[in-house]
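**Q** Could you have a look at this structure, given as C-alpha cells, before my questions?
The values are calculated or read from the model by the stated rules, or taken from the named source; none is laboratory data. Bear in mind that the values here come from a model prediction, so they are computed numbers and not experimental data. Cβ sites come from the backbone with ideal geometry, for glycine too, and all protein chains shown count toward neighbours. Just the protein is used for accessible areas: all its heavy atoms, side chains included, with ligands, DNA and RNA removed. Shrake-Rupley method; radii C 1.70, N 1.55, O 1.52, S 1.80 Å.
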Amino acid sequence: MKTFCSVLLCMLVTAVSYSQIQNDSEKDTISIKTTTLNEVIITGNLTTDPVLSVVTNDYQEQIVQPKNVADLFNGINGFSVIKRGNYAIDPAFRASQYEQLNIQYDGGTKAMHACPNRMDPITTHIIPEDISKIEIIKGPYTVRYGATFGGLINLVTQKPDYGDYGIHGKVSAGYETNGNALVNLAQLEYIQENYDIVAHAGYRDFGNYENGDDVEIPSSFRSTDYSVKLGYNLNENQRLQANWRQSFGRDVLHAALPMDTDYDNSSILSLDYTLSNLSTTINALTAKAYYSYVDHLMTNNRRPSFTTTGASSAVDATTIGGKLELNYKPFKKF
C-alpha cells in the first residue's frame, strides 16, 4: 500500500509540473544618428573690456510693462531685483547689490540716491523705454568706468537713427487691469547731417495691485519724465553732445519700508565730446562731464503710526563728475 501511494504521488507531481519557453523580446530598431559639429573657438581680448555681455532691451515683447529700469534685469541670468515697492527697485547680481554694483548711464553718468532707505535708486531716474541695451561687465575685472566690486552695469540710451534724415516720432500707450497701470510714451527726433535733436516724454501711473490671495499691496505711484538730447557733428571725426533729463515722482507707496515718498525730483545734465582717428597711434579721445541733483521728501502721513508720531524727512543729493579717456596704441601689441 505504501508503495502504491508513493508511485501515485510521483505521478501527480509529474502531471502538474511544466516548463515555459522564454521568448526573446523585440528590441528597438531605431538607431541614434550622430551629428558631428564643426569646431567652435571662442576668443577674447584682455586689453579691452573683459567678460562683457550685451543685453538688448525688448520691453515691447514683455507681457507685463516694466515699472522702471530695474525690471529689465528680471530675464538676465544671474540677476534678481530687490523690491520695496513698484517704484524703488534695485538690481542685484550674484548677491552683489547697492554700491557693490557700479550702475551708470552712457559710459559714466551717475546719479546717487538721496534717501537712506534707497527709495530713489539710480534706476528710477530714467524710463525703461529710453534704454536701447544694457552692457554688463561681471566682477571686478575693469577700472575703465570706475571702481567696482560686484560688476559694472552700463545703461545705454537710444541713439538717433542717422540712416534717415528729417522728422521722426512715435507714440505708445499701455494699460494693465491689475493695479490700473497706465503707461504713455512720446518720442520726437529731428536729424540732419550736422546736428540732431531727440526728445522723450513719458507718464506712468501705477495703482495698488492684488496678490494671489486678493490682498491689496500698497505700491501705487505716479511718475513724469522727459529728456532732450542735442548733438552736433563738428566734422567727420568730432562730435559734441548734451543730454538733459528730469524725472518727477509723486505719491509713491513703499510696502517694505516704514515711510512713503511724497515727491522725488531729479535732474541730470551731461556733456560728451568725442574726437576719433587723430593719428595712426591715437585712436580716440573722449571727454564727459555730468551733474545730477535729487530732491526727495519722505513722510509717514499715510501710515497708522502717523496718529501717534508724525515724521517727515527732506533730503537731497548732488553728484558731479567727469571722465577723460585716451585710446593710445603706440605699436601693434601694446
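**Q** Please list, in order along the range 207-220, the HN-Hα scalar couplings obtained from phi with the Karplus expression 6.51 cos²θ - 1.76 cosθ + 1.60 (θ = phi - 60°), rounded to whole Hz, x for Gly and Pro.
**A** 3J(HN,Hα) across the range 207-220, in whole Hz: x, 5, 9, 10, 7, x, 9, 6, 9, 6, 9, x, 8, 6.
**Q** Hey, what does the equivalent ellipsoid look like for the range 213-334, semi-axes from the Cα gyration tensor as sqrt of 5 times each eigenvalue, largest first, whole Å?
**A** They are 47, 15, 14 Å, listed from largest to smallest.
**Q** Next question, about the same structure. What net charge is computed for the residues neighbouring A311, neighbours being all others with C-beta under 15 Å from the C-beta of A311, Lys and Arg scored +1, Asp and Glu -1? Please report the intermediate quantities before stating the final value.
**A** On the way: positive: R302, R303; negative: D260, D262.
Cβ neighbours under 15 Å give a net charge of 0.
**Q** To continue, here is another question. Quick one: go through the range 276-312 and flag any residue whose amide nitrogen is under 17 Å from the point 7 Å out along the Cα-to-Cβ line of K329.
**A** Backbone N within reach: 276-286.
**Q** Same structure, new question: Cα extents of the range 212-269 along the three principal axes, largest first, in whole Å?
**A** 61, 25, 16
**Q** If the chain between N283 and Q238 were fully stretched, how many nm would it gain, using 0.36 nm times the residue separation less the Cα-Cα distance? Don't jump to the answer; show the numbers that get you there.
**A** Numbers: separation 45, 0.36 × 45 = 16.20 nm, distance 1.24 nm.
My answer for the length gained is 15.0 nm.
**Q** Starting at the first residue of the range 238-247, write each ³J(HN,Hα) from the Karplus equation 6.51 cos²θ - 1.76 cosθ + 1.60 with θ = phi - 60°, in whole Hz, x for Gly and Pro.
**A** Karplus-based 3J(HN,Hα) across the range 238-247 equals 10, 9, 10, 9, 10, 10, 10, 9, 9, 9 Hz.
**Q** Related question: Is there a pair in K133/K229; K83/K229; K133/K170 whose C-alpha atoms are over 27 Å apart, and which pairs would that be?
**A** Checking Cα-Cα distances, K83/K229 exceed 27 Å.
**Q** Continuing with the same structure: Ignoring ligands, DNA and RNA, how do M298, M259 rank by accessible area with a 1.4 Å probe, largest first?
**A** M259, M298
**Q** Could you work out the local net charge near A255, counting Lys and Arg as +1, Asp and Glu as -1, over the other residues with Cβ closer than 12 Å to its Cβ?
**A** +2
**Q** Going by accessible area, probe 1.4 Å, with all protein chains left in place, what is the ranking of Y263, Y328, Y162, largest first?
**A** Y328, Y162, Y263
**Q** Determine the sum of side-chain charges near G231: Lys and Arg each +1, Asp and Glu each -1, restricted to other residues whose C-beta is under 11 angstrom from that of G231. Don't jump to the answer; show the numbers that get you there.
**A** Numbers: positive: K159, K229, R239; negative: E189, D196, D272.
Surrounding charge for G231 is 0.
**Q** Would you work out if the range 178-220 is rounded, prolate or oblate? Take a ≥ b ≥ c from the square roots of the eigenvalues of the alpha-carbon gyration tensor; rounded if a/c is under 1.5, else prolate when a/b is larger than b/c, oblate otherwise.
**A** Verdict is prolate for the range 178-220.
**Q** Report the GluC sites (Glu not before Pro) located in the range 92-197 that are in a DSSP loop and have at most 15 other Cβ atoms inside 10 Å of their Cβ, or state none.
**A** E193
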